[in-house]
Amino acid sequence: MKKILLFFIALTINNIHGQEIKTMTYFQNDTIKLDLDLYLPQKKTNEKLPLIIFAFGGGFSGGERTSEKEFGMFMAKNGYAVASISYSLYMKGKDFGCKGTLTEKIKAIQIGVSDMWQATSFLIENANKYNIDTSKIFISGISAGAEIGFHASFWDYKLMNLYKNNLPENFKYKGFIGGSGAIQDINLITKEKAIPMLLAHGNNDDTVPYSAGSHRSCPTNASGWMILFGSYAVYNHMNDLHKDIELITFCGGGHELSGYLFHQGQQYVLDFVNDVLKGKKFESHIIIPSQKKGVGSEKYLFCE
């Protein structure tokens, strides 16, 4: 019995650690060193791998790239490469809320986005080494990481990049997966720039607005007031553009559900990237009722 138990434990450990993980530095200068963890399928193939780049959440002041290890392992097991990146935590020790300043908030996003672009460039430059298909690079993130993903996808690279211009001309991410994220200017998402999206958000999120609203629900006279367009606003905008979009709404849910797609909802992500790569067209709004008794939202009829 003891031998059987030990065998089962060993088998479980092998299954958990069955995929290959490589840690490497993607950017370094005199003041900062940024690493990423690259999850690769253990089974080697001649076919180049689609890649998902992931940015963690934490208000640009905390968080770890290792926080979504299970997501990286899951996607690698299903034939994808995943790069979970570290990025500059510019707001560490600062106020990213209502008492902060708008310029500092924008700077934090810009630095994080520039780091994401550096990581993307590094992975493109090393694509042959890791068997990555550079035409199939997805971007993803949770909360602050989703804000990085939104802006990295749609900001003007030459205008907003804080480092050297090193992404290929006319580079475009294949798709975006965001948990409780938002973008500053929804008009940056044009018919020409739009990419397929999978978004998840609680409609009672008072940290990052579900639709159009202020970050952290700050009043308009707050020094840290910043307007953002969240997942529901983006969903409606993408519908107007007739572009591929899938939204998961948690009725009554708050910001605590920002990590859903990368925890409980990993299959949604797998189905999404598979559909995008197969060239499928889609538009869907999945509504998940509140698990909390008596919690709903009068603002959205589909949640009543």
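When the accessible area of the chain is split by element with a 1.4 Å probe, what percent falls to carbon and sulfur? Before the final figure, lay out the partial values.
Values: 7540 of 14470 Å².
Answer for the chain: carbon and sulfur cover 52 percent of the accessible area.
With only Lys, Arg, Asp and Glu charged, each at its Cβ (+1 for the first two, -1 for the last two), find how big the charge dipole of the chain is about the Cα centre; round to the nearest 20 debye. Intermediate values should be presented prior to the final figure.
On the way: 31 positive and 29 negative charges, 144 e Å.
So the dipole magnitude of the chain works out to roughly 700 debye.
How long are the semi-axes of the equivalent ellipsoid of the range 163-230, taking √(5λ) for every eigenvalue λ of the Cα gyration tensor, in whole Å from largest down? Don't jump to the answer; show the numbers that get you there.
Details: eigenvalues 141, 51, 22 Å².
They are 27, 16, 10 Å, listed largest first.
Taking the Cα of Y300, stepping 7 Å toward and past its beta carbon, and measuring to each backbone N in the range 150-193: which are under 13 Å?
It comes to 180-181, nothing else.
Return the aspartates and glutamates within reach of K191: Cα separation strictly under 12 angstrom, same-chain partners fewer than 8 residues apart disregarded; answer none if there are no such residues.
Once the sequence-local aspartates and glutamates are set aside, what remains near K191 is D240, D244.
State the Cα centre-to-centre distance between the range 98-150 and the range 50-97 in whole Å.
Cα centres, the range 98-150 to the range 50-97: 10 Å.
Pairs to check: K48/K77; K105/K164; K105/K299; K44/K278; K22/K43; K107/K174. Give those whose C-alpha atoms are more than 18 Å from each other in this structure.
Values: K48/K77 15 Å; K105/K164 22 Å; K105/K299 28 Å; K44/K278 22 Å; K22/K43 15 Å; K107/K174 26 Å.
Violating the 18 Å limit, Cα to Cα: K105/K164; K105/K299; K44/K278; K107/K174.
With a 1.4 Å probe and all protein chains left in place, how much accessible area per residue does the chain have, in Å²?
Per-residue accessible area for the chain comes out at 48 Å².
Could you give the dipole magnitude of the range 70-133 about its Cα centre, charging the beta-carbon of Lys and Arg +1 and that of Asp and Glu -1, in debye to the nearest 20?
240
Between (1) 19.4, 68; (2) 18.9, 62; (3) 26.0, 75, which entry matches Rg and Dmax of the Cα atoms in Å as derived from the coordinates of this structure?
So the calculated entry is the one marked (1).
Give the Debye-formula value of log10 I(q)/I(0) at each listed q (0.10, 0.17, 0.18, 0.19 Å⁻¹), with one equal scatterer per alpha carbon of the range 185-295, two decimals each.
-0.32, -0.88, -0.96, -1.04
Just going by the charge dipole of the range 169-304, with Lys and Arg at +1 and Asp and Glu at -1 on Cβ, which of Y173, L188, I286 is farthest out on the positive end?
Highest projection toward the positive end goes to Y173.
Indicate the gyration tensor shape class of the range 243-283 (rounded, prolate or oblate), computed on the Cα atoms with a ≥ b ≥ c the square roots of the eigenvalues: a/c under 1.5 is rounded; otherwise a/b larger than b/c is prolate and the rest oblate.
Oblate.
Rounding to the nearest 20 debye, state how big the charge dipole of the range 163-248 is about its Cα centre with +1 on each Lys and Arg Cβ and -1 on each Asp and Glu Cβ. All intermediate terms of the calculation are to be shown ahead of the outcome.
Working: 7 positive and 8 negative charges, 52 e Å.
For this selection, approximately 260 debye.
Need one number: the % of Cα-Cα pairs in the range 16-173 sitting beyond the 30 Å mark.
More than 30 Å apart: 14 percent of the Cα pairs in the range 16-173.
How many percent of the alpha carbon pairs in the range 141-202 exceed a separation of 16 Å?
Result: 45 percent of Cα pairs exceed 16 Å.
For K94, give me every one of the aspartates and glutamates with a C-alpha distance below 12 angstrom, ignoring sequence neighbours fewer than eight places off in its own chain.
Of all the aspartates and glutamates, those that pass the test against K94 - Cα under 12 Å, at least 8 places apart if same chain - are E104.
The values are calculated or read from the model by the stated rules, or taken from the named source; none is laboratory data. As the structure is a prediction and not an experimental result, all values here were calculated from the model. All Cβ positions, glycine included, derive from the backbone under ideal geometry; neighbour counts span all protein chains shown. The area values use the complete protein model at the heavy-atom level, side chains included, leaving out ligands, DNA and RNA. Shrake-Rupley method; radii C 1.70, N 1.55, O 1.52, S 1.80 Å.
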